[in-house]
Amino acid sequence: MKIRAAVLEEFGRPLEVQEIDLAEPKAGEVLVRLVACGVCHTDLYTASGADPSGYSPAVLGHEGAGVVEKVGEGVASVAPGDHVVTLFSPQCRECAHCLDSRTNLCLAIREQQNQGYLPDGTTRLSRDGEPIRHFMGTSTFAEYTVMPEIALAKIAPEASLDHACVFACGLSTGLGAALNTAKVEPGSTCVVFGAGLVGLGAVAGCRLSGAWRIICVDPAQQRLELAHGQGAHDTIGGGPDVVEQILEMTGGLGADYTFEATGLVGVMRQAVETARMGWGLATMCGVAGKGETLDIVPRLLITGRRVAGSSFGGVKGRDQVPQFIDRYLAGDIDVDPLISHTLTLNDVNRGFELMHAQDGIRSVISFDS
Ligand SMILES: NC(=O)c1ccc[n+]([C@@H]2O[C@H](COP(=O)([O-])OP(=O)(O)OC[C@H]3O[C@@H](n4cnc5c(N)ncnc54)[C@H](O)[C@@H]3O)[C@@H](O)[C@H]2O)c1
Ligand SMILES: [Zn+2]
Ligand SMILES: [Zn+2]
């Protein structure tokens, strides 16, 4: 079929929205009609050429939500008409990692996905017979996509897909960092560094865990206001004195749980240094620049602080994204303030500009508008 999609032709150039071909879903694959898709830093990171593992031509986009149109042979977990959120982090439910509660890093299709292919090593996207590669296994800057069944979370049909798409990446990452990776205990003190979608999700996750006090750190004042809305009690502007400030605010000891959601290694270090002696856990969500390293004074670890990393918040997507959506429907998670702009697919590059200008938290492409 012919579809319109935003194609990365050349690194560092705007994406080009054009008509391309999409083949039928093969065995284990699903055709999804996109209704909404968030514009995320990872898309821009690849489009800019900064990602050393990037490739082109490819259809970018990974924060999709839509409706199943057609299923390939053997697909049993979704059917036409189902509402789904796309998962760049799949869940096969069979590999050693899927069967272990300690991780969400499914091993089933990693290699092919990283190279831009569907699990059988080919693409469904093409133009004039030449293959165009998939991105993150999702390629959701497009009217339709073909994806592996194991990379789709079936969600409640009542949820607005324009809102559901933010659960495909940043929001679930933050929620999961608090709920899965750190397993924040009720009554705890938490510090969240960064109030983008990931950090705001972590604030919400700490609140849902029953944290007693949540401190959010970000130099952007308007983002700190959003952090209050997600449940932060105290906010501070960040900078070199932030460690001292937080130690002072926490009786000299630091917080039970800290979360880093900036991608800055200097802030990661602050997250370790503000975790409490004895049991403080610092969880890293940010993706640091290539070659950067995190400096930690070993004494901080010997005296009981721990460090963890969190990919997609440790969320096993097919199981847990639908649960997050249910909590959103129940009124536990406030998504409205996180969506600042609604764009058409033609305006996808405007989404990158808005992100660059830190204008709002998420721009969402609406395919029905
Ligand atoms: N682990 C994962 O699976 C996963 C998933 C999505 C995103 N990420 C990563 O998480 C990070 C955050 O993503 P996002 O979408 O929320 O990004 P974002 O850019 O919207 O938010 C980052 C925030 O950090 C703030 N900040 C800058 N300097 C700071 C400082 N010194 N102290 C405190 N805050 C500071 C910025 O003002 C901004 O609000 C990125 O590195 C992103 O690549 C990771
Ligand atoms: Zn993303
Ligand atoms: Zn698996």
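The values are calculated or read from the model by the stated rules, or taken from the named source; none is laboratory data. Because the structure is a prediction, the values reported are computed rather than measured. FYI the Cβ positions are ideal-geometry reconstructions off the backbone, even for glycines, and counts take in every protein chain you see. The area values use the complete protein model at the heavy-atom level, side chains included, leaving out ligands, DNA and RNA. Shrake-Rupley method; radii C 1.70, N 1.55, O 1.52, S 1.80 Å.
Out of the residues in the range 129-153 that are away from ligand 2 (no atom under 15 Å from the Cβ), touching a Ser or Thr at 6+ places or on another chain (Cβ under 7 Å) and open to solvent by less than 10 Å² (accessible area, probe 1.4 Å), state the one that is nearest to residue 86 (Cα to Cα). Only one residue fits best here, namely 152.
Of all the listed residues (171, 179, 175), the sole one being among the aliphatic types (A, V, I, L, M) and open to solvent by 40 Å² or more (accessible area, probe 1.4 Å) is 179. Could you say whether any residue in the range 58-73 is within 16 Å of ligand 2 (Cβ to nearest atom) and among the β-branched types (Val, Ile, Thr)? Yes, some residue in the range 58-73 is within 16 Å of ligand 2 (Cβ to nearest atom) and among the β-branched types (Val, Ile, Thr). For the range 65-87, the count of residues that are within 16 Å of ligand 3 (Cβ to nearest atom) and either in a strand (DSSP E or B) or under 17 Å from residue 168 (Cβ atoms) (or both) is at least one.
Taking the conditions (1) buried (at least 24 other Cβ atoms within 10 Å of the Cβ); (2) in contact with a helix residue (DSSP H, G or I) (Cβ under 6 Å, 6 or more places away or on another chain) in turn, residue 288 satisfies each one other than (1). Pairs linking a residue in the range 275-286 that is at negative phi to a residue that is of a type in the set (Ser, Thr, Tyr) and open to solvent by 50 Å² or more (accessible area, probe 1.4 Å), with Cβ atoms under 7 Å and 6 or more positions apart or on different chains, are 286/262. Restricting 318, 299 to residues that are surrounded by fewer than 24 Cβ atoms within 10 Å (Cβ to Cβ) and more than 16 Å from ligand 2 (Cβ to nearest atom) narrows the list to 299.
Within the range 95-116, residues that are over 16 Å from residue 153 (Cβ atoms) and modelled with pLDDT of 95 or more sit with their Cβ atoms under 6 Å from residues that are among the aliphatic types (A, V, I, L, M) and within 16 Å of ligand 1 (Cβ to nearest atom), at 6+ positions apart or across chains, in these pairs: 97/105.
Rundown of residues vs (1) within 16 Å of ligand 3 (Cβ to nearest atom); (2) aliphatic (A, V, I, L, M), yes/no style:
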position: 96; (1), (2): yes, yes
position: 104; (1), (2): yes, no
position: 109; (1), (2): yes, yes
position: 113; (1), (2): yes, no
position: 119; (1), (2): yes, no
position: 128; (1), (2): no, no
position: 140; (1), (2): no, no
position: 148; (1), (2): yes, no
